[in-house]
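The values are calculated or read from the model by the stated rules, or taken from the named source; none is laboratory data. These numbers come from a predicted model, not from an experiment. In this analysis, Cβ positions are derived from the backbone assuming ideal geometry, glycine residues included, and neighbour counts consider all displayed protein chains. These area figures cover heavy atoms from the full protein model, side chains too; ligands, DNA and RNA do not enter into them. Shrake-Rupley method; radii C 1.70, N 1.55, O 1.52, S 1.80 Å.
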Amino acid sequence: MPRPITLFTGQWADLPFEEVCRLASGWGYDGLEIACWGDHFDPWAAVEDDSYVPAKLEVLKKHDLQVFAISNHLKGQAVCDDPIDERHRGILPDRIWGDGDAEGVRQRAAEEMKMTARAARRLGVDVVVGFTGSSIWKYVAMFPPASQDLVDAGYEDFATRWNPIL
């Protein structure tokens, strides 16, 4: 297999891992880049539960798939992001969000990324893919995305402040 064709499971995280494997195999993929969200892969379970990784590998084997990388974009994003705000609440699990204190979120996200590297080793892969976040991200991009409620609130604020002027 000179160049394996892989599927990133993140966009399929609403489906169970077993179903994604079945679909990917049926579509002719050689392997997966497994997302660390949904039920696809939990780095903590991979390190703390000796039965977790063998069970994931068995599902892959059942569907004749390999794993080439794991991805933890959402938690990696929180490592350096500023601000940490309600947009992050929408993409982070309770374990990382905690009480929502920004520095606490960053520190818990950093620990998750360390755990992700350990989990990758247990899974037998050398590649962890993700976002790093950035304290200047807010100046150049819109991620995490703003919710519709946040956008609507912005329009409402604009109307409330500008209608009396106009």
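Overview of results
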item: C-alpha center-to-center spacing [the stretch 129-166, the stretch 58-118] in angstrom; result: 23
item: Distant-in-sequence amide H partners of VAL129 (H built 1.01 Å from N, under 5 Å); result: ILE70, SER71, ASN72
item: Sparsely packed chymotrypsin sites (Phe, Trp or Tyr not before Pro) within the stretch 15-67, loop by DSSP, other Cβ within 10 Å at most 12; result: TRP27
item: Hz values of 3J(HN,Hα) by residue in the stretch 82-97 - Karplus curve (6.51, -1.76, 1.60), Gly and Pro given as x; result: 8, x, 9, 8, 4, 5, 5, 4, x, 10, 10, x, 4, 4, 8, 5
item: Max mean-square fluctuation residue, GNM over the chain, Cα-Cα springs under 10 Å, options GLN148, GLN77, GLN11; result: GLN148
item: The chain - Debye-derived log10 I(q)/I(0), Cα point model, q = 0.13, 0.16 Å⁻¹; result: -0.69, -0.94
item: Charge dipole magnitude, Cβ of K and R +1, D and E -1 - the chain, Cα centre, debye nearest 20; result: 580
item: At R0 = 41 Å, FRET efficiency that the Cβ-Cβ distance of LYS114 and ASN163 yields, to 0.05; result: 0.20
item: Relative contact order (percent, whole number), the stretch 1-92, Cα cutoff 8 Å, 6+ residue spacing; result: 29
item: Simple label model, 7 Å out from Cα along Cβ direction - LEU57 to ARG89, nm; result: 4.1
item: Within the accessible area of the chain (1.4 Å probe), percent carbon and sulfur; result: 55
item: Accessible area of the chain divided out per residue, in Å², using a probe of 1.4 angstrom; result: 58
item: ARG122/ASP64 FRET efficiency (R0 22 Å; Cβ-Cβ; nearest 0.05); result: 0.55
item: The chain, relative contact order in percent, only Cα pairs under 8 angstrom and at least six apart counted; result: 23
item: Estimated inter-spin distance, ALA153 and GLU18, nm [label 7 Å along Cα→Cβ]; result: 4.0
